[in-house]
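Since the structure comes first, as structure tokens, the remarks are kept for the end.
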Amino acid sequence: MRKALIMLFIMMMIYPVYVMSSIYVYSFNASSEKADAAIVLGAAVWDGEPSPVFRERINHAIKLYRDKQVDRLVFTGGIGDGDVKSEAVVAKEYAIKHGVSSDAIIVEEQSRFTFENLRFASQKMVENQIDSVLLVSDPLHMKRSMMMAEDIGMKVSPSPTETSRYKSYRSKTKMLLSETYYYIGYQIRRMFQ
């Protein structure tokens, strides 16, 4: 019994390190394939403007659109506490200011967190006859986001931002630890669904 408990303890210590490593390695995966649209996962809005994290996601999606890797952009995110506009509308306005045609933009304004971003965006995909998408988020957020998208049944490929607010060793480590926690939490929830 004691050996079994020791082995269980060792596994509980090793598994998070494995997950953390896999999240870090996965963050470098980026598809060069063309897709019908890019889904941009929502992030905070500050005083009616995209936060630095959100701005980098939107800029990356604009680049995909300009490079003709996607024909449309799907912005996700509802209205946060204290905000007047939804994350999706703020992203749309920013993209239009930077040369994206309003006809090429679809907004999803119901979601409050990643799984909802994807679930409601998948409904927009059906409504707008979008088959394939590139998923845009921060590099360290990609592995969990991709797992969720695939669980929903989306035909999706990763397209992490090339730049990120998380540049320092300290901020990257904090984000990596956070993503490890949420990734394992999501895996546990999947087992009981």
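Observations on the structure shown:
- Span per principal axis, largest first, for the Cα atoms of the stretch 63-127 (Å): 33, 26, 17
- Note on the stretch 2-191: dipole from Cβ charges, positive end direction compared against Ile39, Asn128, Leu176; the farthest Cα belongs to Leu176.
- Distance from the alpha carbon centroid of the stretch 51-86 to that of the stretch 116-193 works out to 14 angstrom.
- Fraction of beta bridges assigned by DSSP in the stretch 2-191 that are antiparallel (%, nearest 5): 10
- Most positive-pole-ward Cα, Tyr186, Ile105, Ser22, against dipole of the chain from beta carbon charges: Ser22
- When the Cα positions of Met11, Val53, Ala95 are compared along the charge dipole of the stretch 1-106, Met11 comes out farthest toward the positive end, with charges on each C-beta of Lys, Arg, Asp and Glu.
- Here the chain has an Rg and Dmax of 17.7, 65 Å, counting Cα atoms alone.
- Only lysines eight or more places from Lys143 in sequence, or on another chain, were considered; those with a Cα closer than 23 Å are Lys34, Lys63, Lys124, Lys155, Lys167, Lys172, Lys174.
- Acute angle (nearest 10 degrees) that the helix 2-26 long axis makes with the longest principal axis of the chain, alpha-carbon atoms: 20
- Peptides 75-82, 14-21, 3-10 ranked from most to least packed by the mean count of surrounding Cβ atoms within 10 Å: 75-82, 14-21, 3-10.
- Under a 5 Å amide H cut-off, with hydrogens placed 1.01 Å from N, Leu41 pairs with Val136 among residues at least 5 apart or on other chains.
Laboratory data are not the source of any read-out in this text; all were calculated from the coordinates shown. Note that this is a predicted model, so its numbers are computed, not measured. We place every Cβ from the backbone using ideal geometry, glycine too, and count neighbours over all the protein chains shown.
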